[in-house]
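Here's the structure we're looking at; comments come further down.
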Amino acid sequence: MNKYTISTVLFCTLSIMACVSSKSKITHDFPAAMAPDVREGYVKQWEKGKILYELNCAKCHTTTLNGRTIVPDFTESQLVGYTLRVTNQKHEAALTDESVSTEELGLIMTFLTYKKKNNVK
Ligand code: HEC
């Protein structure tokens, strides 16, 4: 292999990796009017909520579309925190007090409320 081939292969690999990771990246979207120090606190909670969502909710709710990771755009009225525990039978079984605490549900709500909308159903 000459230098040209090696650099071409490297370039293609890196491009594909960059593309795949950017497609799967879930980002936040806080209101522009939010004060920077308030926002800083929210970002921390949001990051925690994201991890908790991955652990407790993603297996039933996250889908992929053309390689893109889709976390549903739940509406504000659907994001009702602890009452989610009893909204349906699957939740009653999966979202017990032992599996996810009320505080953790709150962080998950922060994550879902302020994640950037993907606008796909
Ligand atoms: C065992 C599978 C399962 C798990 C785990 C799960 N859900 Fe659900 N969830 C469902 C099903 C099934 C529905 C009803 C059908 C639908 O809307 O997809 C639902 C509905 C919902 C809704 C809509 C409720 C409404 O009012 O219409 C929200 C919001 C939601 N889930 C959030 C969550 C969150 C947050 C978690 C994690 C803390 C979670 N779910 C974990 C299966 C699950």
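The values are calculated or read from the model by the stated rules, or taken from the named source; none is laboratory data. Remember, it's a predicted structure, so these values are computed and weren't measured experimentally. Neighbour counts are summed over all protein chains in view; Cβ atoms, including those assigned to glycine, are modelled from backbone coordinates with ideal geometry. What goes into the accessible areas is simple: the full protein's heavy atoms, side chains included, and nothing from ligands, DNA or RNA. Shrake-Rupley method; radii C 1.70, N 1.55, O 1.52, S 1.80 Å.
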- prompt: Residue check: is residue 105 in contact with a Phe, Trp or Tyr (Cβ under 9 Å, 6 or more places away or on another chain), at negative phi and near the ligand (Cβ under 7 Å from one of its atoms)?
  reply: yes
| said: Tell me yes or no: at least one residue of region 40-54 is near the ligand (Cβ under 8 Å from one of its atoms) and either among the acidic types (Asp, Glu) or touching a residue at least 12 places away in the same chain (Cβ under 8 Å) (or both). | reply: yes
Taking first residues from region 83-105 that are closer than 10 Å to residue 56 by Cβ and second residues anywhere that are aliphatic (A, V, I, L, M), the pairs with Cβ under 6 Å that are 6 or more apart or on different chains are 104/52
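Do you know which residues across region 57-82 are charged (D, E, K, R) and either more than 7 Å from the ligand (Cβ to nearest atom) or in contact (Cβ under 8 Å) with a residue 40 or more places away in the chain (or both)? Write out each step before concluding.
Filtering region 57-82 for residues charged (D, E, K, R) gives 59, 68, 73, 76.
Those that are charged (D, E, K, R) and either more than 7 Å from the ligand (Cβ to nearest atom) or in contact (Cβ under 8 Å) with a residue 40 or more places away in the chain (or both): 68, 73, 76.
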Within region 89-114, the residues that are of a type in the set (Val, Ile, Thr) and either exposed (fewer than 15 other Cβ atoms within 10 Å of the Cβ) or touching a Cys at 6+ places or on another chain (Cβ under 6 Å) (or both) are 96, 102
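For region 59-88, enumerate the residues that are surrounded by 14 or more Cβ atoms within 10 Å (Cβ to Cβ) and outside any strand (DSSP E or B). Give the steps one after another, and end with the answer.
To start, the set of residues in region 59-88 that are surrounded by 14 or more Cβ atoms within 10 Å (Cβ to Cβ) comprises 62, 68-74, 79, 82, 84-85.
Of everything in region 59-88, those that are surrounded by 14 or more Cβ atoms within 10 Å (Cβ to Cβ) and outside any strand (DSSP E or B) turn out to be 62, 71, 72, 73, 74, 79, 82, 84, 85.
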Are any of the residues in region 28-37 open to solvent by less than 50 Å² (accessible area, probe 1.4 Å) and within 10 Å of the chain's Cα centre (by Cα)? no
